[in-house]
Amino acid sequence: MALEHRDTRFDHGDGRVRPGVTPGSEPSLGELFGQLSGDATHLIRSEVALAKAELREAGATLARDGAKIGIAAALGLVGAFAAVAFLIIALGDLLDNYWLSALIVTVVLLAIAAFMAKSAINDIKRRGLKPEATLATLREDTDWAKREAQDLKRDLTAKGNY
C-alpha cells in the first residue's frame, strides 16, 4: 500500500497560499497576526505613496502660482516704468506741478500692487497645503484597525485563548 502525499497548502482566494492550512480549518493565531501585519504594512505603504503624490501635486500647483506671481510682477514693473513716465509728465503738465503728479501716480500704483498681491495670497490660502485625501483615508484606516483589533479580541475571548 503506497503512502499518498497530501498537499496541505490552501489558497484562501487572495492569491496567497498558506502552508499547513487545510480547507475548512481555522487559521492559527500566528497566521492571523502574520496576515494582519502584512495587511498593515501594505496599508501604510499605500498611505505613504498617496501622501507623496498629493504633496507633489500641491508643490506643482504652488510652483505654477509662484511663477504666475513672478511673471505678473515683472510685467507690471516694466509696464509701470513706461506708464509712470507718461503719467507724471501728463499730470505735471495739467497741474503745472511735477512733484505732485509724481506723488499721485506713485500712490495709485502702490494701491494696485497691494490689491494684486493680496489676491494672489488669498488664492494660495484658499487652496491650502494639507493633503486632505491622505488625512481622510488615514482616519478611515484608523477606524478599520480599531475594528479589526476588536474583532480579534472578541475571537480570542470566544475561543478562550486570552
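Here, each number is a calculation from the coordinates, and none is a lab measurement. As the structure is a computational prediction, the values presented were derived from the model and not from experiment.
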If you plug each phi of the stretch 134-148 into the Karplus form 6.51 cos²θ - 1.76 cosθ + 1.60 with θ = phi - 60°, what whole-Hz ³J(HN,Hα) values come out, in order, with x for Gly and Pro?
-> 5, 4, 5, 6, 5, 5, 4, 5, 5, 4, 4, 4, 5, 5, 5
³J(HN,Hα) across the stretch 48-56 via Karplus (A = 6.51, B = -1.76, C = 1.60, θ = phi - 60°), whole Hz, x for Gly/Pro?
-> 5, 5, 5, 4, 4, 4, 5, 5, 4
Reachable lysines from residue 68, criterion Cα separation under 28 angstrom, eight or more residues apart if same chain = 52, 118, 125, 130
